[in-house]
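The values are calculated or read from the model by the stated rules, or taken from the named source; none is laboratory data. These numbers were taken from a predicted model, which means no experiment stands behind them. Don't worry about glycine lacking a Cβ; one is built from the backbone with ideal geometry, like all the others, and counts go over all protein chains shown. We work out accessible area using only protein heavy atoms, side chains counted, and drop any ligands, DNA or RNA first. Shrake-Rupley method; radii C 1.70, N 1.55, O 1.52, S 1.80 Å.
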2 protein chains.
Amino acid sequence: MDLTDRKKQILKVVIEDYIAKAEPVGSKAIAGEMGGSVSSATIRNELSDLTELGYLEQPHTSSGRVPSPKGYRLYVNELMERQRLSVAETEKINQALHMKMEELDRVISQAGRAVSNFVSYPAYVAAASRRKHVTARHFDLLPVDDRSCIAVMMTGDERVKSQLLRLQLKVDPEQVQSLTKLLNSRFTGVDTEEMNKRLMAVSEEITPQLFLLLSQTVSYAADVLEEAGQKEIYTAGANQLLRLPEFQDVGKAHELMSFLADDKENLPVPDENSPMKILIGPENVNQALQDTSVVVASYDIGDDMRGLIGVVGPTRMDYGAVAARLSGFADGLTRMFGTKNLPPKGEQET
Amino acid sequence: MDLTDRKKQILKVVIEDYIAKAEPVGSKAIAGEMGGSVSSATIRNELSDLTELGYLEQPHTSSGRVPSPKGYRLYVNELMERQRLSVAETEKINQALHMKMEELDRVISQAGRAVSNFVSYPAYVAAASRRKHVTARHFDLLPVDDRSCIAVMMTGDERVKSQLLRLQLKVDPEQVQSLTKLLNSRFTGVDTEEMNKRLMAVSEEITPQLFLLLSQTVSYAADVLEEAGQKEIYTAGANQLLRLPEFQDVGKAHELMSFLADDKENLPVPDENSPMKILIGPENVNQALQDTSVVVASYDIGDDMRGLIGVVGPTRMDYGAVAARLSGFADGLTRMFGTKNLPPKGEQET
DNA sequence: TTTAGCACTCGCTTTCCATGAGTGCTAAAG
DNA sequence: CTTTAGCACTCATGGAAAGCGAGTGCTAAA
């Protein structure tokens, strides 16, 4: 049930016109844009067919046509010209990503803002560890004064976290040092459950003061490892929506913006194996996204982590431009987190 | 030029009615709410006076009155009943703030979201060091493998930051240890400019490899100290605006939301000495805030830092409720960052 | 000083009409 | 069989007119 070339061309014109103008497009306009090789009447016949086949929709009997989700899908799969980014734009993307070495979370949230600015739609980003079980790789306890010390830990996915611990009782720096050794010998490379078991096991070997410090450290470590498993999602540029004609209705805008602010966890994630995924209107399972489209790409953070970066917009979004820019950003991020360069993958601060 | 008690009472009724309903309030409604002790005609005379004096405004000849900024100001200064939070609400606030010890930035941004939820208006938060010049207090270099090591630094305002450094060349762990001593003896307690001077001074004393590592560390330290000086502002709950009748006009909503997203630095800050500040409509110097009111409070983060927490809403905001909740939060935060308890002031992770 | 009465104002909603872009259908032409 | 011109028809949109009603200001009486 393939469409004729002319039908496809007409569909393409309709979609691109609608993307640009956000208004139903009529036969006359199409005829004009196709160079006058056919008359509007012919177009009308074709439009009628396309409508019947479900690629177009008519808001009401007798106004121009509007693409249906099915139409967009065909467009995205076959008709859309894969846009190449200009050199200047690639440059700009890399510039936007060229920030000082900083904490991972900060980097990706900034990347989210940059993407949103670039594509003029709301964007969302996240990063998560690929490993099932992240464990502690290295501990250090640094005495600060006699009542507090800093716990530094490095995780299996090369993140560094630290935390100031307050002590109830004075502890001797030398004892702290021996405790550090204990931590590194017995509490690295195991999951949190095992950590707690071992904590119990050593309870008799050391003084109560040290045990208190130890258990504080272990509990902190458990928190960090816990947190490493789940990804935090950042959204940016939700207000871009208000610019769009489809969100002039405050109710709609409110609904979607609240979703972006409070239900980010339910935003689509990319498929495991493909670098990019496009979801059009009702293809989104999520109620709040029924009338919107989502483009989401993935990128690598070193070898152990993986991130996602996505854009939310009206179904009438400029898929070509968004997809191109998004993969530009994804590539840029992957490169930036790559092991070769100085700004390295897992660096950050606690 | 003091108002009679009855005029004040009428003004109060008008404002509270308008706060609740967002619609001009008429003489009849006022008479009703005042218990029928006077007739609507009397009220009309009084309203006429109040309008002449500038406390009220008339959208057009012949619909109810609306409070003017001057009216709100009188209300806030004299008429408003200082609301006390119920025990249940204080409880809720403390519960919202009772989070795990975490990085400072995360804590306050979460507090921002909590406030916004509580008062149903957008909120903003920030924290900044009180000191003019923050210096490094303690360094540690921890070798991870033969090509990378972690730089941990503690700043004068008790924040701990760390960073993974990649090395070009192999460095011996013992040398690293001696470098740590050098850092602590010569690069603590001085500002960044002085640090760079001293870096130059030692360039001849040590091997080129070590010097490279040292300069990486110093440059990182400079970044951190730089950053400590300026506060980052977080906003939350901007979408709350769309709920309000005064922002049903998408244009207005867009303007303010963009301001909250992109120009947060220009949001009002509290006065040095008073714990809370209320700015009504045109009292805001900022163009984008002309039609809104801002309530902003300050809180202490230990002894060295100070934070702010504010709410943005329509001039018709419920000042009493917002002020009460805001100071509840500010108190809660101050207490939470206080030195007494376990979740301590400056703790965080890099 | 307060109140009742009354004419008047003016924004809001509804109704109605004209307009025009765009369609579907038919019949003729290629 | 495809394309095109012609034409009647549909329907969203915008503006004008009309009715409604909440609320006012003013006057005169209590």
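Note on B:K181: aspartates and glutamates with a C-alpha under 13 Å away, same-chain residues under 8 apart excluded, are B:D140.
Computed with the Debye formula from one identical point scatterer per Cα of chain A, without solvent, the log10 of I(q)/I(0) at q = 0.07, 0.12, 0.14 Å⁻¹ comes to -0.44, -0.91, -1.09. From the Kirkwood radius over Cα pairs of segment B:192-289, Stokes-Einstein at 20 °C and 1.002 mPa s returns a whole-number translational diffusion coefficient of 120 µm²/s.
Here the protein assembly as shown is assigned +1 on the Cβ of each Lys and Arg and -1 on the Cβ of each Asp and Glu. Its dipole about the Cα centre then comes out at about 460 debye. What is the Cα centroid distance between segment B:173-221 and segment A:5-25, reported in whole angstrom? Measuring centre to centre over Cα atoms gives 63 Å.
With a probe of 1.4 Å, find how much accessible area segment A:136-229 has per residue, and write the answer as a whole number in Å². Please list the in-between numbers first.
Numbers: 4140 Å² over 94 residues.
Counting only protein heavy atoms, the per-residue value for segment A:136-229 is 44 Å².
On the beta carbon distance between B:R131 and B:Q248, with R0 = 45 Å, the FRET formula returns roughly 0.50. Computed from point charges on the beta carbon alone (+1 for Lys and Arg, -1 for Asp and Glu), the dipole magnitude for segment A:100-220 about its Cα centre is near 420 Debye. Structure remark: mean-square fluctuation, Gaussian network model of chain B, C-alpha springs under 10 Å; the largest value among B:N273, B:N286, B:N117 belongs to B:N273.
Taking the label point 7 Å along Cα→Cβ, B:Q95 and its counterparts in the other copies are spaced 5.1 nm apart, in ascending order.
With R₀ fixed at 22 Å, the C-beta to C-beta distance from A:S219 to A:N184 puts the FRET efficiency at about 0.80.
At 1.4 Å probe size, put B:V171, A:V285, B:V269 in order of accessible surface, largest to smallest. Don't skip to the end; give the middle numbers.
Details: B:V171 25, A:V285 145, B:V269 65 Å².
Result, largest first: A:V285, B:V269, B:V171.
Using Cα atoms only, what is the angle between the long axis of helix A:319-337 and the major principal axis of chain A, expressed in degrees (0 to 90) to the nearest 10? Between helix and principal axis, roughly 20 degrees.
Ligands, DNA and RNA aside, A:V13 has an accessible area near 20 Å² when probed at 1.4 Å. Ligands, DNA and RNA aside, A:H60 has an accessible area near 110 Å² when probed at 1.4 Å. Starting from the label point of B:S37 at 7 Å along Cα→Cβ, the same points in the other copies fall at 8.6 nm, in ascending order.
Against the empirical 2.2 N^0.38 Å (N residues), segment A:5-79 has a Cα radius of gyration ratio of 0.96. The residue among A:M34, A:Q83, A:H60 whose Cα reaches farthest toward the positive pole of the charge dipole of segment A:1-86, with charges on the beta-carbon of Lys, Arg, Asp and Glu, is A:Q83. Excluding same-chain neighbours fewer than eight residues apart, the lysines reachable from B:K277 by a Cα-Cα span under 22 Å are B:K12, B:K70, B:K231, B:K264. What share of Cα pairs, in percent, lie more than 41 angstrom apart in the protein assembly as shown? Tail of the P(r) past 41 Å holds 43 percent of the pairs.
With a simple spin-label model that places each label point 7 Å from the Cα along the Cα-to-Cβ direction, the separation between A:Q230 and B:L85 comes to 2.5 nm. Ranking A:V190, A:I108, A:V144 by how far each Cα lies toward the positive end of the dipole of chain A (charges on Cβ) leaves A:I108 at the top.
Ranking B:T4, B:T51, B:T61, B:T292 from most to least accessible surface, computed with a 1.4 Å probe over the protein chains only, gives B:T61, B:T4, B:T51, B:T292. Measuring spread by the Cα atoms of segment A:99-156 yields a radius of gyration and Dmax of 17.4, 53 Å.
Using the Cβ atoms and a cut-off under 12 Å, what net charge is assigned to the surroundings of B:K252, where Lys and Arg are +1 and Asp and Glu are -1? Kindly include the intermediate steps, with their values, before the conclusion.
Numbers: positive: none; negative: B:E246, B:D249, B:E255, B:D291.
So the environment of B:K252 carries a net charge of -4.
Averaging the sequence gap over all C-alpha pairs within less than 8 Å and six or more residues apart, then dividing by the number of residues, gives segment B:5-79 a relative contact order of 34 percent. Take A:D271, push a point 7 Å out from Cα through the beta-carbon direction, and compare it with the same point in every other copy: 6.3 nm, smallest first.
Accessible surface ranking for B:E193, A:E246, 1.4 angstrom probe, highest first: B:E193, A:E246. Counting only DSSP H runs of at least 4 residues, each contributing -39500 (n - 2.57), and dividing by the residue count of chain B, the helix-based mean residue ellipticity at 222 nm comes to -13500 deg cm²/dmol. Normalised by residue count, segment A:46-89 yields a Cα convex hull volume of 105 Å³ per residue. Size of segment A:136-229 from its Cα atoms: along the principal axes, largest to smallest, the extents are 34, 26, 18 Å.
Can you give the mean number of other chain Cβ atoms that lie within 10 Å of the Cβ atoms in peptide A:232-241? Please report the intermediate quantities before stating the final value.
Values: counts 1, 0, 0, 0, 1, 3, 4, 13, 4, 4.
Mean partner shielding for this stretch: 3.
What figure, in Å² to the nearest 10, do you get for the accessible area of A:R306 with a 1.4 Å probe and non-protein molecules left out? Counting only protein heavy atoms, A:R306 exposes about 70 Å² to solvent. In units of the rule-of-thumb radius 2.2 N^0.38 Å, segment B:252-332 shows an alpha carbon radius of gyration of 1.10.
Dividing the convex hull volume of the alpha-carbon atoms in segment B:80-201 by its residue count gives 175 Å³ per residue.
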